[in-house]
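Q: The structure that follows is given in the form of structure tokens.
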Amino acid sequence: MNSNIASDSSEGGYLRSWLGSMKGGHAKAPGVPSPRHILLTWLGGCFAIAVLAYITKISGYPLMLGSFGASCVLIFGFPESPFSQPRNVVGGHFLSSLTGLVFITFLGVHWWAMALALATAIVVMQVTRTVHPPAGSNPIIIMLAHATWPFLLTPTLFGVLILLASALIFHGAVKGRHYPQYWL
């Protein structure tokens, strides 16, 4: 055993340091958005999910993912964020679902395969510059649902494209909103 670790442990130094790291920085929490921003976020999220749910109903194809709700938080609440841009929304959902499907196909549904799939999806999104935090839940959704390859098209790809189209229509109709900030 390393004598430095033993020394730190016996003195509680390591534990104190570890606990101290959880204090956080000195930044203040963000303020409350304007009432207009809050209303637009509500309207945008409602519009996008209503469109997805309606198209799901009339088409008979599954187009809804739980992670799309979290995508709406970003797309409508934080439309300027890099995580909210089309490249990230579409690419993140697609690549995370693809990763989940690869893992379920080759490793099956196990707690450790779920962990590996999620961690790999995060890395894939980072390497491809398509990080979209809500998409990180897709490999978990895939494992829990025992999804198969058609999941990549419906609900993932077709659903996220409808979500994006809804966002473009909504933001384009609202004066002062500029979405997207960039495409690629």
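Q: In segment 73-87, which residues are part of a helix (DSSP H, G or I) and within 16 Å of Ser166 (Cα to Cα)? Break it down stepwise before answering.
A: Let us first name the residues in segment 73-87 that are part of a helix (DSSP H, G or I), namely 73-77, 82-84, 86-87.
Within segment 73-87, Val73, Leu74, Ile75, Phe76, Gly77, Ser84, Pro86, Arg87 qualify.
Q: Confirm whether Phe151 is of a type in the set (Phe, Trp, Tyr), surrounded by 16 or more Cβ atoms within 10 Å (Cβ to Cβ) and touching a helix residue (DSSP H, G or I) at 6+ places or on another chain (Cβ under 8 Å).
A: On the way: of a type in the set (Phe, Trp, Tyr): yes; surrounded by 16 or more Cβ atoms within 10 Å (Cβ to Cβ): yes; touching a helix residue (DSSP H, G or I) at 6+ places or on another chain (Cβ under 8 Å): yes.
So Phe151 fits the description; yes.
Q: Limited to segment 104-117, what total is found for residues that are assigned to a helix (DSSP H, G or I) and open to solvent by 50 Å² or more (accessible area, probe 1.4 Å)? Give the derivation first.
A: We begin by selecting, within segment 104-117, every residue assigned to a helix (DSSP H, G or I); these are 104-107, 111-117.
After this cut, where a residue has to be open to solvent by 50 Å² or more (accessible area, probe 1.4 Å) as well, the list is 105-107, 111-112, 115-116.
Total satisfying the criteria: 7.
Q: Still on this structure: Given Pro35, Pro30, which one is open to solvent by 70 Å² or more (accessible area, probe 1.4 Å) and over 21 Å from His132 (Cβ atoms)?
A: Details: Pro30 fails: over 21 Å from His132 (Cβ atoms).
Pro35 is the lone residue from the list that is open to solvent by 70 Å² or more (accessible area, probe 1.4 Å) and over 21 Å from His132 (Cβ atoms).
Q: In segment 132-148, what count of residues is obtained for those that are open to solvent by less than 40 Å² (accessible area, probe 1.4 Å) and under 17 Å from Pro82 (Cβ atoms)?
A: Adding up the residues that qualify gives 4.
Matching residues to (1) without any contact (Cβ under 8 Å) to a residue 12 or more places away in the chain; (2) aromatic (Phe, Trp, Tyr); (3) under 19 Å from Leu52 (Cα atoms):
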{"residue": "Ser97", "(1), (2), (3)": "no, no, yes"}
{"residue": "Leu107", "(1), (2), (3)": "yes, no, no"}
{"residue": "Ile140", "(1), (2), (3)": "no, no, no"}
{"residue": "Ala147", "(1), (2), (3)": "no, no, no"}
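Q: Go through segment 14-27 residue by residue and tally those that are surrounded by fewer than 13 Cβ atoms within 10 Å (Cβ to Cβ) and either part of a helix (DSSP H, G or I) or in contact (Cβ under 8 Å) with a residue 24 or more places away in the chain (or both). Before you say what the answer is, go through the steps one by one.
A: Filtering segment 14-27 for residues surrounded by fewer than 13 Cβ atoms within 10 Å (Cβ to Cβ) gives 15-27.
Filter once more, keeping what is either part of a helix (DSSP H, G or I) or in contact (Cβ under 8 Å) with a residue 24 or more places away in the chain (or both): 15-23.
Number of matching residues: 9.
Results for (1) within 21 Å of Ala50 (Cα to Cα); (2) at pLDDT below 95, shown as yes or no for each residue.
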residue: Val73; (1), (2): yes, no
residue: Phe83; (1), (2): no, no
residue: His93; (1), (2): yes, no
residue: Trp111; (1), (2): no, no
residue: Ala121; (1), (2): no, no
residue: His132; (1), (2): no, no
residue: Gly176; (1), (2): no, yes
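Matching residues to (1) open to solvent by less than 50 Å² (accessible area, probe 1.4 Å); (2) touching a residue at least 60 places away in the same chain (Cβ under 8 Å):
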site: Leu63; (1), (2): yes, yes
site: Ala70; (1), (2): yes, yes
site: Glu80; (1), (2): no, yes
site: Val90; (1), (2): yes, yes
site: Val102; (1), (2): no, no
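The values are calculated or read from the model by the stated rules, or taken from the named source; none is laboratory data. What you see is a predicted model, and the numbers here were worked out from it, not measured in a lab. Because the Cβ atoms are built from the backbone with ideal geometry, glycine has one as well, and the counts that use them run over all protein chains shown. Please note that ligands, DNA and RNA were not included when accessible areas were found on the heavy atoms of the full protein model with its side chains. Shrake-Rupley method; radii C 1.70, N 1.55, O 1.52, S 1.80 Å.
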